[in-house]
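Where a number appears in this text, it was derived from the coordinates with a stated rule and is not lab data. Model, not experiment: these values are computed from the prediction. Here the Cβ positions follow ideal geometry from the backbone for every residue, glycine too, while neighbour counts run over all protein chains shown.
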Amino acid sequence: MEITTAAVAELVKKIVAEMQDAPAKNANEIPVGISNRHIHLSREDLETLFGKGYELTPLKDLSQPGQYACKETLTLIGPSMRAIEGVRVLGPLRKNSQVEISATDSFQLKVKPPVRESGKIEGSAPVTIVGPKGTVSLKEGCIIANRHVHMSPDDAVAFGVQDGDYIDVDVLSGTRKSRWFDVQIRVHKDFRLEMHVDTDDANSAGLKNGSIVTVVK
């Protein structure tokens with residue numbers, strides 16, 4: 001049967017109309033990225049741990065543009081004197097060094113890190129970092145990162161939120177359904193849409209990288 005140009009045009013018009021009338025698919029869904037324990041270093045602390053003039057060696061890019069895992073790993077020691085070895089360094093360098101661990105890690109180290117937004121280290125827990133060339137004893141800088149969502153300004157408009165807002169999310173894609181409250185929104189032009197949780201949260205809900213959470217409206 002011959003299909004006329006007019007018939008094709010009418011079909012396209014119908015499909016477009018149906019797409020416009022249909023609700024946006026997955027409009028409230030956010031992929032999950034699981035963050036294992038890691039270390040951010042300042043230039044000064046990098047050179048204390050690895051030697052003068054040392055530069056980090058990128059290993060692989062992370063999901064957020066400009067962020068990368070490094071080949072370098074270090075050892076953490078707390079008051080328990082039980083070390084956690086092989087803790088990955090993340091780049092690029094920062095103004096201040098910061099150690100992000102899970103609550104489970106804190107029990108092993110015997111430190112009491114607060115749950116904080118990354119970068120908010122004032123008054124946080126002390127910890128010692130051991131490298132191949134030296135040791136750094138941070139008076140503050142050890143935290144448990146809060147649950148947060150990275151998103152671009154366009155994503156923020158789509159979700160109807162602003163930088164610093166808090167949302168609740170349903171965790172339905174893992175083996176243990178949950179609802180997480182007070183998830184912080186972080187907006188930047190370079191961010192890619194992703195919710196970050198630590199290994200404790202991921203394990204408690206049976207999540208893996210790429211699992212989906214849904215914003216509670």
request  = Take peptides 174-183, 141-150, 85-94 and line them up by average Cβ neighbours within 10 Å, highest first, as a rough protection proxy.
outcome  = 141-150, 85-94, 174-183
Computed [θ] at 222 nm, deg cm²/dmol, the chain (DSSP H ≥ 4; -39,500 (n - 2.57); rounded to nearest 500) = -6000 deg cm²/dmol
ask   = Sorted by packing (mean other beta-carbon atoms within 10 Å per residue), highest first, where do 206-214, 190-198 land?
value = 190-198, 206-214
key: Magnitude of the charge dipole, the chain, Cβ model with Lys/Arg +1 and Asp/Glu -1, debye to 20   = 700 debye
key: Fraction of beta bridges assigned by DSSP in segment 111-217 that are antiparallel (%, nearest 5)   = 70 percent
Built amide H within the under 5 Å cut-off of residue 68, gap 5+ = 62, 91
inquiry  = Quick check on segment 131-193: of the DSSP beta bridges with both residues there, what percent are antiparallel, nearest 5%?
reply    = 55 percent
remark   = Within the chain, the percent of DSSP beta bridges that are antiparallel, given to the nearest 5, stands at 65 percent
query = By how many degrees, 0 to 90 and rounded to 10, does the Cα axis of helix 5-21 deviate from the longest principal axis of the chain?
reply = 50 degrees
